[in-house]
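Values in this text are rule-based calculations from the coordinates and carry no lab data. In this text the structure is predicted, and so the values were computed from the model without any measurement. We place every Cβ from the backbone using ideal geometry, glycine too, and count neighbours over all the protein chains shown.
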Amino acid sequence: MTTLTTAAGCPALDGLDARTAPATQVTPQGAAWLASASAHPRSTLAAWQARPASPAVLPCGTAFDVVNVPLVLGRRMLDLLWEQGPGSGPAAVHRGRMLLFAAPGTAQRLPALLAWEEWSPAAAAPLCHGHGDAVTVPPLAADAPGPSRWLVAPDARLPWLPGPDCLLWAFLHAARGPVSIFPSAGPDANVYDVSRRR
């Protein structure tokens, strides 16, 4: 296995490699974490146990925030987070959009970071759901039919969640693609080796 390369803005996890095989099914601990976002966690868990194939609506801002992006862009972000960064928190697909679960406070901070970067609309800015917002989360059952499913399922009572800096890095790299500071030389360009000149 390769050594963890921490992307800029994505803090190291104190020796933990968050990229070890993302969970594909919600565990009881993951369900408890999701339910902790609701005002009534016990009744939320009881409703899920009775209907594990039903989605649920949960408030954001306490246990998690959600960054909502188009599906293709979100897939690129996930790939970057798992290949070059520290991994991701839970991630889901809902009605053709990617929901990336993030640390509380991300919904407030990420738009400010994008404004600081002078983001131009090469891709639409992400929708950020935080305090006062709610999102639909996929069913707990992995094989439930419908427009929602988990790509990285919650599997811990306190999952690691990326913050605004990490998601900014992933968003900018996914939206802009690879960027080089050196223009590519055309087929007729005169290229000189100046590495030995003083």
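Taking 0.36 nm per residue of separation and subtracting the Cα-Cα distance, what length does fully extending R176 through V72 add?
So the chain would gain 36.1 nm between R176 and V72.
Sum up the charges of everything whose Cβ sits under 14 Å from the Cβ of L127, counting Lys and Arg as +1 and Asp and Glu as -1, but leave L127 out.
Local net charge: 0.
Please turn the phi angles of region 25-42 into ³J(HN,Hα) values with the Karplus equation 6.51 cos²θ - 1.76 cosθ + 1.60 (θ = phi - 60°), one per residue in order, whole Hz, x for glycine and proline.
Once θ is set to phi - 60°, the couplings for region 25-42 become 10, 6, 8, x, 5, x, 5, 5, 5, 4, 5, 5, 6, 7, 5, 10, x, 5 Hz.
With θ taken as phi - 60° and the coefficients 6.51, -1.76 and 1.60, list the Karplus ³J(HN,Hα) couplings across region 65-70 in order, rounded to whole Hz; mark glycine and proline as x.
10, 10, 9, 10, 9, x
So what J values fall out for region 126-141 if you push phi through Karplus, 6.51 cos²θ - 1.76 cosθ + 1.60 with θ = phi - 60°, rounded to Hz, Gly and Pro as x?
Whole-Hz 3J(HN,Hα) from phi for region 126-141: x, 7, 10, 10, x, 3, x, 9, 9, 10, 8, 9, x, x, 6, 5.
Using the basic label-point model (7 angstrom from Cα toward the beta carbon), what is the E118 to A47 distance in nanometres?
Going from the E118 label point to the A47 one covers 4.7 nm.
Measuring from a point 7 Å past the Cα of D143 along Cα-to-C-beta, which residues in region 47-77 have an amide N at less than 19 Å?
Correct set: 49-55.
So if I place +1 on the C-beta of Lys and Arg and -1 on the C-beta of Asp and Glu, and nothing else carries charge, what would the dipole magnitude of region 51-159 be about its Cα centre? I want it in debye, nearest 20.
Dipole of region 51-159, to the nearest 20 debye: 300 debye.
What distance in nm lies between label points placed 7 Å from Cα along the C-beta direction at S54 and A156?
3.1
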